[in-house]
Amino acid sequence: MKPLYRNIFFFLLLGVSACQNVFQEAIPVYEEAALKGEAEFAKGNFKEAIVEYNVALAANPNYALAYCSRGLAYKNLGDQTMAMSDYNKAIKLDPKMAEAICNRAVLRGEMGDTLGQNQDFDIAVKLDPGNALIYNNIGTALRKAGKYQKALAAFNKAIDLDQKQAKIYNNRGFTKRKMGNFEEAILDYNQAILLDPKFAAAYNNRAAAYKLSGDTMASKADKLKAKELTRGLKPGV
């Protein structure tokens, strides 16, 4: 083969090889749709997220994670029936999916099924004992039931497992505030805000704690900051 043709043939082979790599690395349609759903979910666009999860499930009806995620989107839209249906489907497909079981536990509690909630929480902990968010959800359920000491223990366990979750500090702070420990609550809110400076709920909660502790100026400043964050404005705008 002449040098010129050999070079052309070599580059053609490279091109074919590159195309093969692109096809090999391309993610499945159902995973791509699910990722789009997660992106919409993160922005609070739950209806749009559900549309993407529907695409994922149409492409792969056995995609347990998509059912779990869609269930949470339905829950956030207030549709408990659809949320429960999706959690059940996810768990049927993957009985060891602690996330889906934990989510179902939370929903069962909201629907008044305390026994079912406790059973699901126990299963979730056994399946994934190192998951801080499971203990966070347990703590939230206990706090709503007025069992503040047990809730505090659950939040402490969650923070022992993961010190980088702002919402866990916020939830523990809320529990401490309910218990009348305003100074300790403020410390937890401080940590939540340090981890997530755009956490509007933490500013609102700290404002309440400041007010209860007698610091009205700090309370007003936090309320203003929370409003700015909620409206998507920069401080001072």
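In region 145-153, is there at least one residue being within 19 Å of the chain's Cα centre (by Cα) and modelled with pLDDT of 95 or more? No; the residues of region 145-153 include none that is within 19 Å of the chain's Cα centre (by Cα) and modelled with pLDDT of 95 or more.
Suppose the filter is more than 26 Å from residue 210 (Cβ to Cβ), outside any loop (DSSP other than H, G, I, E, B) and of a type in the set (D, E, K, R); does residue 160 pass it? In short, yes.
Return the residue satisfying two criteria in turn: it lies in region 173-205 and is in a helix (DSSP H, G or I) and of a type in the set (Asp, Glu), and of such residues it is surrounded by the fewest Cβ atoms within 10 Å (Cβ to Cβ).
Applying the first criterion (in a helix (DSSP H, G or I)) to region 173-205 yields 173-178, 182-195, 200-205.
Cutting the leftovers down to of a type in the set (Asp, Glu) gives us 183-184, 188.
Values: 183: 9, 184: 16, 188: 26.
Filtering first and then ranking leaves 183.
Note on region 64-114: enclosed helices (runs of 4 or more DSSP H) holding 1 or more residues that are more than 17 Å from residue 139 (Cα to Cα) and of a type in the set (Val, Ile, Thr) are 80-93.
The values are calculated or read from the model by the stated rules, or taken from the named source; none is laboratory data. Please read these numbers as outputs of a predicted model, since none were measured by experiment. Counting neighbours? That spans all protein chains shown, and the Cβs are built from the backbone with ideal geometry, glycine included.
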